[in-house]
Amino acid sequence: MTYASVSAWSAKDSSANSLRLRSYRCKAVLIESGLCGILQGRYQSKVTPQSMIGSIASWQTRYAVPFVFCGDHAGAAVYALAMIRTYMQHVNELVTAYQKAVTDDL
């Protein structure tokens, strides 16, 4: 599951990944479970639920990476698509504003 792999990164990997994540304008970790699933230990990892929650809180605080509990795979897909669409609308608005500024300067 997505959240189990995040907690398994080594310190070296975490540092490299955090630097890479900071450069992304649109980022999130989508979790195919609810918070209750983590609290009840319903995942494939030996990490305790408390440790998992601590890791999630740490990543959100240190690296400004939102973790979104999507419930299941279908929920994660719906959220990912909505996030991509919203980001593309934002990019289109920026491009339009830039084009207008360039045209106004001519």
Quick check on segment 70-80: of everything there that is of a type in the set (A, V, I, L, M) and touching a residue at least 24 places away in the same chain (Cβ under 8 Å), which residue is surrounded by the fewest Cβ atoms within 10 Å (Cβ to Cβ)? 80
Say whether the condition of being touching a Leu at 6+ places or on another chain (Cβ under 6 Å), hydrophobic (A, V, I, L, M, F, W, C) and free of Cβ contacts under 8 Å to residues at least 40 places away in the same chain is met by at least one residue in segment 81-98. no
Segment 39-54 residues that are within 18 Å of residue 66 (Cα to Cα), paired with ones that are among the polar types (S, T, N, Q) and not in a helix (DSSP H, G or I) (beta carbon under 7 Å, 6 or more apart): none
If you go through segment 16-25 one residue at a time, do you hit one that is modelled with pLDDT of 85 or more and either of a type in the set (Ser, Thr, Tyr) or in contact with a Leu (Cβ under 8 Å, 6 or more places away or on another chain) (or both)? no
Segment 25-48, subset within 17 Å of the chain's Cα centre (by Cα) and either surrounded by fewer than 12 Cβ atoms within 10 Å (Cβ to Cβ) or among the charged types (D, E, K, R) (or both), residue farthest from residue 86 (Cα to Cα): 32
Determine which single condition residue 3 fails, assuming it passes every other condition in (1) surrounded by 15 or more Cβ atoms within 10 Å (Cβ to Cβ); (2) at pLDDT below 90; (3) assigned to a loop (DSSP other than H, G, I, E, B). (3)
Checking residue 67 against (1) exposed (fewer than 13 other Cβ atoms within 10 Å of the Cβ); (2) touching a residue at least 60 places away in the same chain (Cβ under 8 Å), which test does it fail? (1)
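The values are calculated or read from the model by the stated rules, or taken from the named source; none is laboratory data. Because the structure is a prediction, the values reported are computed rather than measured. Virtual Cβ from ideal backbone geometry, glycine too; neighbours counted across all protein chains shown.
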